[in-house]
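Just below is one structure, and these are the notes that go with it.
The values are calculated or read from the model by the stated rules, or taken from the named source; none is laboratory data. The model shown is predicted, which means the values in this text are computed figures rather than measured ones. For neighbour counting, all protein chains shown are included, and Cβ atoms are generated from backbone atoms with ideal geometry for every residue, glycine included.
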Amino acid sequence: MIPLRAAREPMLWLVLTLAATCAVAADTPQDWLDRMNTALTTRNYVGVFSHWESGRVETLRIVHRVIDGAVTERLESLDGSGRQFVRSGAELTCYLPDQHTVLVEKAPPSLLPAGLPKFDSAMTDYYLLQSEGAIRQMGEKAQVISVTPRDGFRYGYRVWIQRSTGMPLKTEMLDTDGNVIEQVVFSSLVIRHHIADQEFVPQVASAGFQWLRDDGAPAVIAETPGVWAGAQLPPGFHLTAQTAQMMPGVPEPVTHLVFTDGVAAVSVFVQTETIRNAPNQGHAGVTQVGNSSAFTSVESGRKFVALGEVPPATVRFIIESLMRQSATQALGLR
C-alpha cells in the first residue's frame with residue numbers, strides 16, 4: 001500500500017508547477033503594460049500628483065471618468081495660477097486665470113503629463129521590456145516595468161504599476177543616457193465607481209474672461225504621399241499622416257507630416273511656398289526643452305520644422321533625410 005504522504009507528493013508537485021507556470025505567464029512586462037493601458041482607459045479615478053519637468057514641479061489634481069467609452073476629465077493646478085482643463089469627448093476647455101482667458105481646442109488623448117503611449121508586442125523590435133520587481137509606492141504594492149529603447153532615436157520609460165488596480169502610481173521618462181527628464185508621482189489615488197457631473201465643473205470665476213476657440217485650420221488630406229514617402233527614417237519610424245493646412249502668417253498651405261514608431265511621434269512642417277530671398281542651404285538649428293526636441297532648417301527654398309518628444313538626434317535625422325529628398329526633387333524639376 002502506498003503511504004498517503006507519497007501519494008500526495010506527486011499531486012502537490014504538479015499543483016505547484018502549474019501555479020508557478022501561470023504566475024510567470026501572467027507577470028510578463030507586456031502583461032503589466034496591457035493591464036495599465038486597460039486601467040487608464042476604463043477606470044474612474046480621482047488623484048493628486050506632482051509633475052516634474054525641466055527643474056519645475058507642479059501639483060495637480062485629476063478627475064477621470066469613462067461612460068460607454070466617452071471620456072470626461074478635469075485637471076486642476078493646485079499651485080500658482082490655478083489653471084484648469086476640462087475635457088469632454090474630443091473638446092478641451094482651458095481656463096487660464098492669470099491670462100483672464102478661456103481657450104477651447106481639440107482634446108489630447110489624455111490630460112496626464114508624461115502621457116504613456118500604448119506599448120504593444122509590435123514594439124519589442126525597438127524597445128526592451130523588463131520587470132524590475134515589486135516595490136511599495138504610495139504605501140501600495142507596485143510592479144516596476146522599464147521600457148528601454150534599443151537605439152538612440154527614442155526615449156525610455158519606467159512605470160510603477162499598482163498591483164491591485166493596474167494604475168500607474170509613478171512614471172518616469174528617461175533620456176538616452178538613462179537620466180530622468182520628466183516624472184509624474186501620485187500622492188493619492190482613489191478608484192471610484194461613480195463620479196458625478198458636478199465634479200467636472202471648473203472651480204474658476206471666469207466672468208469677464210476672453211473666450212478663444214482654436215479648432216485648427218481645416219486640413220486637406222494629400223492625395224498621394226509624394227516625394228516624402230521615400231525618405232530614409234530612423235529604424236521603426238514610418239509616415240502615418242500627410243495633410244496640407246494653413247498656418248498663421250503663411251499665405252500658402254503648409255505640408256504637415258507625422259512620423260511614428262507606434263510609441264514616439266514626430267511632426268514635421270514643410271513650408272510649400274518658395275521662400276523669397278532664401279539661401280539654398282539655411283543654418284540648421286536644434287533646440288531642446290525638457291523632453292521635447294525641435295529642429296529647423298532650409299533647403300531648396302523650403303523651410304523644414306520638426307517637433308517631437310524624442311531625442312534631438314531623431315528630429316535632425318528626419319529633417320536631413322527630408323531635405324535630401326527635397327534637393328533631389330528640385331534637381332529633377334530643372
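Applying the selection to segment 160-184, what residues are in a strand (DSSP E or B) and under 13 Å from residue 140 (Cβ atoms)? Break it down into steps so the answer makes sense when it comes.
Going through segment 160-184, the residues in a strand (DSSP E or B) turn out to be 160-162, 168-174, 180-184.
Those that are in a strand (DSSP E or B) and under 13 Å from residue 140 (Cβ atoms): 160, 161, 162, 168, 169, 170.
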*When you scan segment 30-118 for strands (runs of 3 or more DSSP E) that lie fully inside it, which ones turn up with 2 or more residues that are surrounded by 19 or more Cβ atoms within 10 Å (Cβ to Cβ) and of a type in the set (Phe, Trp, Tyr)?*
45-53
_Just to be sure I understand, how many residues within segment 119-143 are of a type in the set (Gly, Ala, Ser) and either in a strand (DSSP E or B) or crowded, with 17+ Cβ neighbours inside 10 Å (or both)?_
4
*Hey, can you tell me all the residues within segment 144-155 that are surrounded by 18 or more Cβ atoms within 10 Å (Cβ to Cβ) and part of a strand (DSSP E or B)?*
144, 145, 146, 147, 149
*How many residues are without any contact (Cβ under 8 Å) to a residue 40 or more places away in the chain, within 30 Å of residue 65 (Cβ to Cβ) and either buried (at least 18 other Cβ atoms within 10 Å of the Cβ) or polar (S, T, N, Q) (or both) if we restrict to segment 174-201?*
1
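Just a yes or no: is a residue in segment 166-173 over 17 Å from the mean Cα position of the chain (by Cα), on the phi < 0 side of the Ramachandran plot and either surrounded by 12 or more Cβ atoms within 10 Å (Cβ to Cβ) or not assigned by TED's automatic domain parsing to the domain that holds residue 108 (or both)? Show your work before the answer.
Here is the first cut: in segment 166-173, the ones over 17 Å from the mean Cα position of the chain (by Cα) are 166.
If we keep only those that are on the phi < 0 side of the Ramachandran plot as well, we get none.
Taking every residue of segment 166-173 in turn, none turns out to be over 17 Å from the mean Cα position of the chain (by Cα), on the phi < 0 side of the Ramachandran plot and either surrounded by 12 or more Cβ atoms within 10 Å (Cβ to Cβ) or not assigned by TED's automatic domain parsing to the domain that holds residue 108 (or both).
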*Before we move on, is residue 258 at pLDDT 90 or above, part of a strand (DSSP E or B) and out of contact with any Phe, Trp or Tyr (no Cβ under 7 Å at 6 or more places or on another chain)?*
yes
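Yes/no matrix, rows are residues, columns are (1) farther than 27 Å from residue 192 by Cα; (2) at pLDDT 90 or above:
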{"site": "64", "(1), (2)": "no, yes"}
{"site": "90", "(1), (2)": "no, no"}
{"site": "98", "(1), (2)": "yes, no"}
{"site": "145", "(1), (2)": "no, yes"}
{"site": "152", "(1), (2)": "yes, yes"}
*asked:* I'd like to check something: does segment 247-255 contain any residue that is surrounded by 14 or more Cβ atoms within 10 Å (Cβ to Cβ), modelled with pLDDT of 75 or more, more than 17 Å from residue 318 (Cβ to Cβ) and not acidic (Asp, Glu)?
replied: yes
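Can you tell which of 96, 92, 128, 112 is in contact with an Asp or Glu (Cβ under 8 Å, 6 or more places away or on another chain) and assigned by TED's automatic domain parsing to the domain that holds residue 38? Please lay out each step first, then the result.
On the way: 96 fails: in contact with an Asp or Glu (Cβ under 8 Å, 6 or more places away or on another chain); 128 fails: in contact with an Asp or Glu (Cβ under 8 Å, 6 or more places away or on another chain); 112 fails: in contact with an Asp or Glu (Cβ under 8 Å, 6 or more places away or on another chain).
Answer to the selection: 92.
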_Looking at 272, 296 in this structure, which one is more than 18 Å from residue 234 (Cβ to Cβ) and modelled with pLDDT of 90 or more?_
296
